[in-house]
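Presented below is the structure to which this report refers.
The values are calculated or read from the model by the stated rules, or taken from the named source; none is laboratory data. As the structure is a computational prediction, the values presented were derived from the model and not from experiment. FYI the Cβ positions are ideal-geometry reconstructions off the backbone, even for glycines, and counts take in every protein chain you see. Heads up: the accessible areas ignore ligands, DNA and RNA and are worked out on the full protein's heavy atoms, side chains in. Shrake-Rupley method; radii C 1.70, N 1.55, O 1.52, S 1.80 Å.
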Amino acid sequence: MAIRLIKIAVVYLVIGLTLGVGMGMTHNFLFRSVHAHVNLIGWASLALAALVFHVFPETARTRLATIWFWTYNVSVPVGLGGLALVMAGQKWAEPALIVGQLGIWAAGLMFAVNIFWALRSKSVEDAPMARSPAAV
Ligand code: HEM
């Protein structure tokens, strides 16, 4: 799961950076919110999720983690694609924006529940970093 997520995350990074450079070169900031969300919901959130699943592998082995993976990775392109179209004046795309946003929200809830569920028997002392010399 962590490897698949980091590969998806860097695709969003390249898209986000390219949008940023494009805005900077053309001085057309119409898609600034698309740029921001591709970088933060795409790159940053997925890279963070990959790190969480790598540091706490038990959180990646639940059925909820798999449901989260597909809900999030279907909702993000639908939502951000809808946002880009709506920003470009295509009002008909608003349902895609709404469905995508609600999917991202629901996935966020799933991610939180999954963390509390998969780590329910763990304490701070069990955290991988807690055992490293750097933690003292
Ligand atoms: C090559 C790198 C990047 C370039 C050239 C770039 C360019 C831009 C530009 C031109 C704007 C619009 C500024 C304005 O509204 O006056 C912007 C806004 C923004 N960028 Fe970037 N950006 C880059 C990387 C990133 C990254 C990596 C992130 C986050 C991980 C990010 C997050 C944001 C956010 C949050 C905004 C504000 C959006 C808003 O005001 O709605 N950017 N960026």
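How large is the Kirkwood hydrodynamic radius of the chain, in angstrom, based on all distinct alpha carbon pairs?
Taking the inverse mean of 1/r over all distinct Cα pairs, the chain comes out at 16.3 Å.
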Taking all protein chains together and a probe of 1.4 Å, list Leu109, Leu19 from the most accessible to the least accessible. Leu109, Leu19
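Ignoring ligands, DNA and RNA, please state the percent of accessible area on the chain from carbon and sulfur, probe 1.4 Å.
C and S atoms contribute 74 percent here.
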Provide the per residue accessible area, probe 1.4 Å, for the chain, rounded to a whole number of square angstrom. 62 Å²
When the dipole is taken about the Cα centre of the chain, and only Lys, Arg (+1) and Asp, Glu (-1) are charged at their Cβ, what size is it in debye, to the nearest 20? 160 debye
Estimated FRET transfer efficiency when R0 is 35 angstrom, pair Thr62-Leu17 (beta carbons, to 0.05): 0.60
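Which chymotrypsin sites (Phe, Trp or Tyr not before Pro) does the range 1-107 hold that lie in a coil by DSSP with at most 14 other beta carbons within 10 Å?
Loop-located and lightly packed - Phe29.
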